[in-house]
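Every read-out reported here was derived from the displayed coordinates using simple, explicitly stated rules and does not represent laboratory data. Being a predicted model, the structure only gives us computed values, none of them experimental. No Cβ is skipped: glycine too gets one built from the backbone with ideal geometry, and neighbour counts run over all protein chains shown.
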Amino acid sequence: MNLNDAIQECWRKIDEGQVANYIPALANVDPYQLGIYLFDVTNDKKAEAGASQVRFAIESVSKVITLLYAIERLGLAAVEAEVGTRQTGFPFDTVLNMEITKETHPLNAFINSGAILITSLIEEQDGQSPFDQILKFSRKICNDPQITLNNDIYQSELRTGDMNRSLAYYLKAKGVLNNDVATTLETYFKQCSMMVTCRSLANLGAVLANDGIAPWSGERIISTEAATYTKSVMMTTGLYTESGTYSVKIGVPTKSGVGGGLVSAAPSHYGIGIFSPALDSAGNSVAGLALLELVSKKLKLDIFRY
Ligand code: GLU
């Protein structure tokens, strides 16, 4: 498959979306970018095209990393006791369904309430703040020592993050937040403001696709059960309210972020990182998903195919 042709085919989709503007620092990003990095874990082959080297804010794709880190630190059972694995049917910053169903714990780890709760589980250790640990783990699992915090985006999230603030206080009021609100939100906003490339995300996807083992070193970074759990949750809740739609269309566990990033893990086949900042109304990269759909069809990656 020629990736440059695939990018050309999906380019016009950019016009159907808009860059996120509720975080002001993201509104300045040029929408006309589309990039992809493919990591074939069985043959150790890599391919890339378009804006594959551009750094962008990881945003909600960081929820995959903190979830994996929390599972590694606390064990899957401890994490499963904190968040469910169900879809909400509401946007990512909702708290409504907890109100309606009288749940005390968020319905899944990828809506903001769930992700904030997961972040609160990570406590300072050996003098390392929760964010320092997340950054270190991100660099390792993405095989990218150049991941750094974008302070402008972090400040922008801090200034405008009142919905997330309200979610954190709501969780505190329910008695389920594990850390104080200020530390939890500082960590959460910082984790969202890490700068990655398509390659970093493809590496993350490759570890997930490869049963938790880094294909570049043979080192086990996460357990089989952490990889399996996380891929399942990506499949069912990774693409906001459109998760079901794209499970059918693409059939590959994927998580998106409002920075325009997508990470996919096609089990035993590929780790994929995609970037295109113009989003649909659900918050997913429009051209990015079109490209992922095309790649999934061409490479026959749909996990329900057999
Ligand atoms: N920092 C963003 C927020 O919490 C992330 C949202 C997203 O990428 O889904 O609103």
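Across the stretch 48-191, C-alpha contacts under 8 Å between residues 6 or more apart give a mean separation that, scaled by the residue count, equals a relative contact order of 27 percent.
Could you give the alpha-carbon Rg of the stretch 174-261 over 2.2 N^0.38 Å, rounded to two decimals? Write down the numbers at each step before the final one.
Working: Rg = 15.2 Å, N = 88, 2.2 N^0.38 = 12.1 Å.
It is 1.26.
Each Lys or Arg adds one and each Asp or Glu takes one away; over the other residues whose Cβ falls under 14 Å from the Cβ of Leu177, this sums to -1.
Per-residue packing, averaged as other Cβ atoms within 10 Å, sorts the ranges 116-123, 297-304, 198-205, 146-153 into the order 198-205, 116-123, 146-153, 297-304, beginning with the highest.
Based on DSSP H runs of at least 4 residues, each adding -39500 (n - 2.57), what is the mean residue ellipticity at 222 nm of the chain after dividing by all its residues, to the nearest 500 deg cm²/dmol?
-13000 deg cm²/dmol
Counting charges near Glu157 (Lys, Arg +1; Asp, Glu -1) among other residues having Cβ under 11 Å from its Cβ returns a value of -1.
In the neighborhood of Asp211, defined by Cβ-to-Cβ distances under 11 Å, what is the net charge if each Lys or Arg adds +1 and each Asp or Glu adds -1?
Working: positive: Arg220, Lys231; negative: Glu225.
Result for the neighbourhood of Asp211: +1.
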